[in-house]
Amino acid sequence: MEWETVIGLEIHAQLSTRSKIFSGASTAYGAEPNTQACAVDLGLPGVLPVLNEKAVAMAVKLGLAIDAQITPRSVFARKNYFYPDLPKGYQISQYELPVVGRGHLDIELDDGETRTIGVTRAHLEEDAGKSLHEDFHGMTGIDLNRAGTPLLEIVSEPDMRSSREAVAYMKKMHSLVRYLGICDGNMQEGSFRCDANVSVRRKGTEKFGTRTEIKNLNSFRFLEKAIEFEVERQIDVLEGGGAVVQETRLFDPDKGETRSMRSKEEANDYRYFPDPDLLPLDIDSTFIEQVRASLPELPDEKKQRFMNHYGLSAYDASTLTSSREMADYFEAVVEQAGSGQAKMVANWVMGELSGALNREGREIGDSPVSARALGALLARIQDNTISGKIAKEVFEAMWAGEGDADMVIEAKGLKQITDTGAIEQVIDQVIADNPKQLEQYRSGKDKLFGFFVGQVMKQTGGKANPAQVNELLKKKL
Amino acid sequence: MHEKSIAELAAALKEGEVSSVELTAHYLRRIETLDDALNAYVTVTGEQAMEAARAADEARAQGHAGPLTGVPIAHKDIFCTEGTRTSCGSKMLDNFIAPYDATVVARFKAAGCPILGKTNMDEFAMGSSNETSYYGPVKNPWDTERVPGGSSGGSAAVVAGRLAPGATGTDTGGSIRQPAALNGVTGIKPTYGRVSRWGMIAFASSLDQGGPMARTAEDCALMLNVMAGFDHRDSTSIQRPDEDFTRHMNTPVKGLRIGLPKQFFGEGMDAGVARVVDEAIAHYKGLGAEFVEVDLPHSDLSVAAYYVVAPAECSSNLARFDGVRYGYRCEDPKDLLDLYMRSRGEGFGPEVKRRIMVGTYALSAGYFDAYYLKAQKIRRLIAEDFASAFKEVDVILGPTAPSTAFRLGEKTNDPVTMYLSDIYTIAVNLAGLPALSLPAGFSDGLPVGLQLIGNYFDEARLLGVAHQYQVGTEWCGMAPGGFV
């Protein structure tokens, strides 16, 4: 029996406004508990919310970037439930009329295929505080610093058919919000997280299966694992003759499994109603156009430009534009190296640099080798000071903090040997030392040419200019 | 001094006939000797009042006095006052010291008005008799066996008993006008959005509106000059140029078109109230006003709609009182649910619980459309009724309450009868209009209030129309025996 997976994601992106969505308190992360919670955030008697216009502009930014309708009059609603880290006993959110309506996002799969994922809506809401269960001797501590932080909840259509697609969609949205500068995308701090709605159905059926919702996934890997586990679990249930229960589930990253949190019957009735403390949010075309004018170049546009302007392959362009920081880094290096060197720069950024970053789990923003430093290194390849191979060694030294390219080359004596006389001397020595190989080569074993090149490079510590070595060897042999 | 109106006190202060220190001390002495009989103050802030009075006298000496500098007032205990308990008449907030000032409080402080204290009220402003207060009922100064009305019963009683020249109140369904009527004082509920709700503890946010209560319409106008104005901290506050609410005091009512809603003159009104209203109509006719019957066809639905909308909003507004961060917390909660259930169960009184339950029900899945949405539709129809009426007339006149002050305990076991005390006032809140109540006479020795309803932002004219009545009648000058 063949099963088809159906996935929809609700992504929560914390908007990077300086102050909260309904108060003037700071949104900075990591402060002492409850030092960034003002009277409004604490839900004191008598306080009132005032909407932060910056948060609205950010929501509209996303709406425009995903080609969505911007709702001319959206409404804030109260979602009522009791929880200690929810100070007012309700969360201000949007319900029937969200600020961003229907849009879409194109994702690219590993095989190069593109799929369009529908976005149902995106709405503004406030985040809750945090309950701290450790260090309080059986009691619970409440930190309300996060309470009131603006969130944009981006709800997709159930358009994804595999965990891979879900991850590709989440990654693309992650990249997009960072491009737009509306979310720092820090998943460890919870700035970007998602809930996954997962169901399975027999291939060919139209009706969706019963879904479960997996809450609070804050890494791409967890999303992938959680969906994979959940799909298998649901198929097992169905193939065993059972029925999937509509419920909310939690993913346990240590065990790699999901477990039930609450069933539909236990689900809250949130008693949504329009918040009488806030007027409907009217967005006119002037505001929309202002926001549109502030939009940066978006990933898909940038990718296209990288292909056209730098002659990069679709794969390279796509990889380099997967984050704004990487694209900016790439362009900064190209600017130094010249656009004729774009392919080489791309190889270095995607190869040595990305490898080193991955190895140490660093972001490109805190790479020890700056774009300028890498540009200077690549310039030394171009002017034949060093070979590409030596450059890798220099790069590692630069990464380790041993100075800039010229300093490393100088200190390690890596400057390329371009003196024909010096190279010839080495070649003569190599030929003299390997009469047998010379014999074989001359009797037609062309492959041995590489052996001679290798020997010369070995003798010169890799510093001989490879082109010159080739040319001179051919002559001598 | 206490027989003087705010306007007269302001003049006396200006002329140097009295200092704010003398005046404030005088009122504090009256409170000390007379409030035991009324229970109208929950908290008396004597020290702070005297300090503010000294500062007011100082400011006057320096030439920085404003129109009300040095006139002491009282605040309904629903307005947050920094450093002072703000209880909202509830055990839930009996221990709550507000860490900030409501905008209304801040404005009166800036105007140089010493705060005598915080007045008693129905718990969270839910009630029409002041009997739901955790601090016990306020007594009506005209007959201490009777209720002062509510929810701003304490504010009405302190003004009637001359324990403050003026006091602030709030009006969600009649909570300024009905107690004003029952105590023989003047009170105005301004247009929704006129007075900032920042720091005013919410009952039903889309209906709540703060306003002044004083002896005369002129005094209310002077107080409203201080209270009203745009506040960026209240998103429902309305941005309009400042205006002087006393500007129509001397505008004659000759030619004024006054509407009489036929629905306000049917069954349910006491004969004594009807007689007083008729006499007031005759008085205005004598001043040259014209009377026209107007139709408010949906007004019979207003109480029903109100008792869906107000409880729905209150059920959400009062969710924050959970025993977690401030206010009452039960002893030794065994878990989170127990903390919630007992803190709220023990902290709230029966009327508040009743409304939270009604409101929670009305907002629940499956009932929302039938109750909440329908009530909102009725609300629009009621507003449209008024809009058509105001095409024909300048103001609308009628009774404020169907009866005079009733006996303590008379209606406490019958919530629906109690809710009908607000039958003439509720529609105004649903429509967001301004309306005032002014004393218009007596029935069996108890004050009767006359209600004037105006179009949006027409407070100045309403106050002028009331003032024109008050300069020709004696009612607002009369004090209850024992409080003369």
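Quick notes on this structure:
- Prolate/oblate/rounded call for the protein assembly as shown, Cα gyration tensor, a/c under 1.5 rounded: prolate
- Whole-percent carbon and sulfur share, accessible surface of chain B, 1.4 Å: 52 percent
- Residues losing 10 Å² or more accessible surface upon assembly, the stretch B:355-377, compared with the chain by itself, 1.4 Å: B:Thr360, B:Leu363, B:Ser364, B:Ala365, B:Phe368, B:Tyr372
- Per-residue ³J(HN,Hα) for the stretch A:273-282, Karplus 6.51 cos²θ - 1.76 cosθ + 1.60, θ = phi - 60°, Hz, x for Gly and Pro: 7, x, 6, x, 7, 10, 6, x, 8, 9
- In chain A, the longest principal axis of the Cα atoms and the axis of helix A:220-239 are about 60 degrees apart.
- Accessible surface buried by the B/A pair amounts to about 2700 Å², both sides summed, 1.4 Å probe.
- Taking amide hydrogens as placed 1.01 Å from N in the peptide plane, the amide H of B:Asp101 sits under 5 Å from those of B:Glu82, each at least 5 positions away in sequence or on another chain.
- Mean-position separation - Cα centroids, the stretch B:395-414 and the stretch B:155-197, in angstrom: 15 Å
- Value at 222 nm in deg cm²/dmol, rounded to 500, when DSSP H runs of n ≥ 4 in the protein assembly as shown each add -39,500 (n - 2.57): -11500 deg cm²/dmol
- Heavy-atom surface of the protein assembly as shown, accessible at 1.4 Å and reported per residue (Å²): 41 Å²
- Computed E for B:Ala110/B:His26 - FRET, C-beta separation, R0 22 angstrom, nearest 0.05: 0.40
- Computed E for A:Gln290/A:Ala314 - FRET, C-beta separation, R0 35 angstrom, nearest 0.05: 0.55
- The angle separating the long axis of helix A:299-310 from the principal Cα axis of greatest extent in chain A is about 20 degrees.
- Charge tally for A:Tyr329 (other residues, Cβ to Cβ under 12 Å; Lys, Arg +1; Asp, Glu -1): -4.
- A:Glu232/A:Leu477 FRET efficiency (R0 60 Å; Cβ-Cβ; nearest 0.05): 0.45
- Reachable lysines from A:Lys264, criterion Cα separation under 18 angstrom, eight or more residues apart if same chain: A:Lys79, A:Lys215
- GluC sites (Glu not before Pro) restricted to DSSP loop in the stretch B:272-344 with at most 10 other C-beta within 10 Å: B:Glu331
- Spin-label proximity, A:Asn34 to the stretch B:69-104 - amide N less than 15 Å from point 7 Å beyond Cα toward beta carbon: B:97, B:99
- Taking GluC sites (Glu not before Pro) across the stretch A:1-69, the ones in a DSSP loop with at most 12 further Cβ atoms lying within 10 angstrom of their Cβ are A:Glu2.
- For the stretch A:254-274, a drop of 10 Å² or more in accessible area on going from the chain alone to the assembled protein chains (1.4 Å probe) is found at A:Asp269, A:Arg271, A:Tyr272, A:Phe273, A:Pro274.
- Amide H contacts of A:Arg262 (H built 1.01 Å from N, under 5 Å, at least 5 apart or other chain): A:Thr248
- Overall form of chain A per C-alpha gyration tensor (a/c, 1.5; a/b vs b/c): prolate
- Under the Karplus curve 6.51 cos²θ - 1.76 cosθ + 1.60, θ = phi - 60°, whole-Hz ³J(HN,Hα) for the stretch A:172-186, x wherever Gly or Pro sits: 5, 5, 4, 5, 5, 5, 6, 3, 6, x, 9, 7, 7, x, 6
- The local environment of B:Lys4, defined by Cβ-Cβ distances under 15 Å, has a net charge of -3 under the rule Lys, Arg +1 and Asp, Glu -1.
- Approximate spin-label separation A:Asp106-B:Phe442, in nm, with each point projected 7 Å along Cα-to-Cβ: 8.6 nm
- Of all aspartates and glutamates in the structure, the ones whose alpha carbon falls short of 13 Å from that of A:Lys415, not counting any fewer than 8 places away in one chain, are A:Asp383, A:Glu393, A:Asp406.
- Solvent-accessible area, 1.4 Å probe, carbon plus sulfur percent, for the stretch A:297-412: 47 percent
- Simple label model, 7 Å out from Cα along Cβ direction - A:Lys264 to A:Arg305, nm: 4.8 nm
- Annotation: amide H of A:Arg146 within the under-5 Å range of A:Lys130, sequence separation 5 or more or interchain, hydrogens built in the peptide plane.
- For the stretch A:65-70, 3J(HN,Hα) computed residue by residue from phi via the Karplus equation (6.51, -1.76, 1.60; θ = phi - 60°) reads 5, 9, 6, 9, 6, 9 Hz, glycine and proline entered as x.
- Set A:Lys54/A:Lys302; B:Lys109/B:Lys377; A:Lys392/A:Lys447; B:Lys139/B:Lys262; A:Lys172/A:Lys255; B:Lys262/B:Lys411 screened for pairs whose C-alpha atoms are more than 30 Å apart: B:Lys109/B:Lys377; B:Lys139/B:Lys262
- Note on chain A: antiparallel DSSP beta bridges, both residues inside, total approximately 90 percent of the bridges counted.
- Between helix A:466-476 and chain A: long-axis angle, C-alpha atoms, 0 to 90°, nearest 10: 30 degrees
- Shape call, the stretch A:418-477: gyration tensor on alpha carbons, a/c limit 1.5: prolate
- Calculated on the alpha-carbon coordinates, the convex hull of the stretch A:216-313 measures out at 245 cubic angstrom per residue.
- Around B:Met249: net Lys/Arg minus Asp/Glu count, Cβ-Cβ under 12 Å: -1
- Partner lysines whose Cα lies under 30 Å from the Cα of A:Lys445, excluding those fewer than 8 positions away in the same chain, are identified as A:Lys389, A:Lys436, A:Lys458, A:Lys463, A:Lys474, A:Lys475, A:Lys476.
- Kyte-Doolittle mean at least -1.0 and Cα axial length at least 24 Å: DSSP H helices in chain B: B:20-38, B:374-392
- Separation in nanometres of the label points that stand 7 Å from Cα toward Cβ, at B:Asp270 and B:Glu474: 2.2 nm
- Dipole in debye (nearest 20) - the protein assembly as shown, about Cα centre, beta carbon charges: Lys, Arg +1; Asp, Glu -1: 1220 debye
- Of the GluC sites (Glu not before Pro) in the stretch A:363-453, those whose Cβ has at most 15 other Cβ within 10 Å and which sit in DSSP loop: A:Glu363, A:Glu402
- Label-zone membership for the stretch A:204-218, site A:Arg164, 7 angstrom Cα→C-beta point, backbone N under 20 Å: A:204
- Rounded to the nearest 20 debye, the dipole size of chain A about its Cα centre is 1020 debye, using +1 on the Cβ of Lys and Arg and -1 on the Cβ of Asp and Glu.
The values are calculated or read from the model by the stated rules, or taken from the named source; none is laboratory data. What you are looking at is a predicted structure, and each value in this text was computed from that prediction instead of being measured. No Cβ is skipped: glycine too gets one built from the backbone with ideal geometry, and neighbour counts run over all protein chains shown. What goes into the accessible areas is simple: the full protein's heavy atoms, side chains included, and nothing from ligands, DNA or RNA. Shrake-Rupley method; radii C 1.70, N 1.55, O 1.52, S 1.80 Å.
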